[in-house]
Amino acid sequence: MHIPDGLLGLPVAGAAAALAAGSVGLALRRLRTGLPRRRVPLMGLSAAFIFAAQMLNFPVAGGTSGHLVGAVLAAVLLGPGAAVVVMTAVLIVQCLLFADGGLLALGANVLNMAVAGTLGGWAVFAALRRTLPGPRGLLAAAAFAAWCSTVLAALCCAVELAASGLARWTLVFPAMAGVHMVIGLGEAAITTLVLAAVMRTRPDLLDAGAAPPRARPLVAVGLAALCGLLLFGLPFASSSPDGLERVAARLGFAGPDAATAAAPLSGYRLPGLEGAAAATCAAGVVGTLVTFALACGLAAVLAPGTERARLTRA
C-alpha cells in the first residue's frame, strides 16, 4: 500500500503531508509527558518486527499479495500514540533507505497507515473491548480492528488517488476496498497469532501496570528472532504485486516509469552481495536494526527525564 512518487498530485501530497505532520506531532507531544520506561525497548522491537514482517508478502486471491501493516498490533502493545510514532519510524526507514514509497508521497503513506490505520483501528478495538472482556475478547477485538485498519488505510489511499485525478471515485473505491478486504484477513490472522504468542509467553507486555522487563535480554532475544524470521521467511515471500499495484494495473494509472527517489538499498538489495536471496536478506537485517535504533532513539528522547535516567541504568 506504499504509494510511490509520480502518482499523487502536489496539492494532494502537500495536504496529506500537513495532516500527517500535525498528527505525528500531537502523538510525539503526548508521549513526551507520559511514556513509561518499559515501553522504550518494546517500541524498538515493535518497529523492528513490523519492518521485518512487511517484507514477507503473503499470497491472496487473483495473483495478488499482501503484507502486514501492523498498526493495530502496535497500538494494542504500546497504545495509540506510541503506535503512531512506531509506524512513522518504519515508513521513514522504508522510504529513505529502500525507496519503498515515494519521498513526496511519504506524508500520504504516513497519513494512511500510521495515522488513519492506527487511530481508526484503535477506536474499533477500544469499542469492542467494552463488550468483549478477557483474553479471548482481546484477540477477537484485535482481529476485527486489524481488518478494519487495513480497509480504512486502503480507503484513505483511494481518496488520495481519486483526488489526484488518476481514476474515477466509482472505480478506485470499490477496487481498493475489495482487494484490501481480502488482504485484511491476513492482517487479522497475523495480528491474532502474534498477540496470542505474547499472551502465552510474556503477558506482562500487555499489562501497563506490570513491572518493567529487563531490557537487554528482551532486546537480544527479540532481534535474534527477527533476523531468523527474515532468514527463513524471505525465500517463501510472495513476489506477486500488492493490492495497490494490482489496482493500479487494473485501472491503468501506473506504469514502470513512475518516479521514485534513489535510496542506498533500493529494491531491498544490499550492494556488493552476489545472489538475490543473500542481498535481500542482508538488506532486511540492516533495515530491521536501523528501524529498531530509530524507534528506540525516539522513545528514549521522548521519555520523561527521570525515566530516561533509569533507562540508561537498565
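The values are calculated or read from the model by the stated rules, or taken from the named source; none is laboratory data. Note that this is a predicted model, so its numbers are computed, not measured. Positions of Cβ are backbone-derived with ideal geometry, glycine not excepted, and every protein chain shown enters the neighbour counts.
A few comments on the model shown:
- Qualifying residue in the stretch 160-173 (condition: in a helix (DSSP H, G or I), modelled with pLDDT under 95 and out of contact with any helix residue (DSSP H, G or I) (no Cβ under 8 Å at 6 or more places or on another chain)): yes
- Failed item in (1) without any contact (Cβ under 8 Å) to a residue 24 or more places away in the chain; (2) surrounded by 15 or more Cβ atoms within 10 Å (Cβ to Cβ), with residue 154 passing the rest: (1)
- Any pair with Cβ under 8 angstrom, 6 or more apart, that starts in the stretch 265-276 at a residue that is within 16 Å of residue 101 (Cα to Cα) and ends at one that is in a loop (DSSP other than H, G, I, E, B) and at pLDDT 85 or above: 265/271; 266/99; 267/99; 268/55; 268/100
- Selection from the stretch 233-248 of residues that are at pLDDT 90 or above, outside any loop (DSSP other than H, G, I, E, B), out of contact with any His (no Cβ under 9 Å at 6 or more places or on another chain) and not aliphatic (A, V, I, L, M): 233, 245, 246
- Residue pairs whose Cβ atoms lie under 7 Å apart, separated by 6 or more positions or on different chains, with the first residue in the stretch 171-193 and closer than 12 Å to residue 66 by Cα and touching a residue at least 60 places away in the same chain (Cβ under 8 Å) and the second assigned to a helix (DSSP H, G or I) and of a type in the set (D, E, K, R), are 179/246.
- Among the residues of the stretch 13-43, those identified as more than 20 Å from residue 89 (Cβ to Cβ) and surrounded by fewer than 21 Cβ atoms within 10 Å (Cβ to Cβ) are 14, 15.
- Of note, residue 73 satisfies the criterion of being at pLDDT 95 or above and not small (Gly, Ala, Ser).
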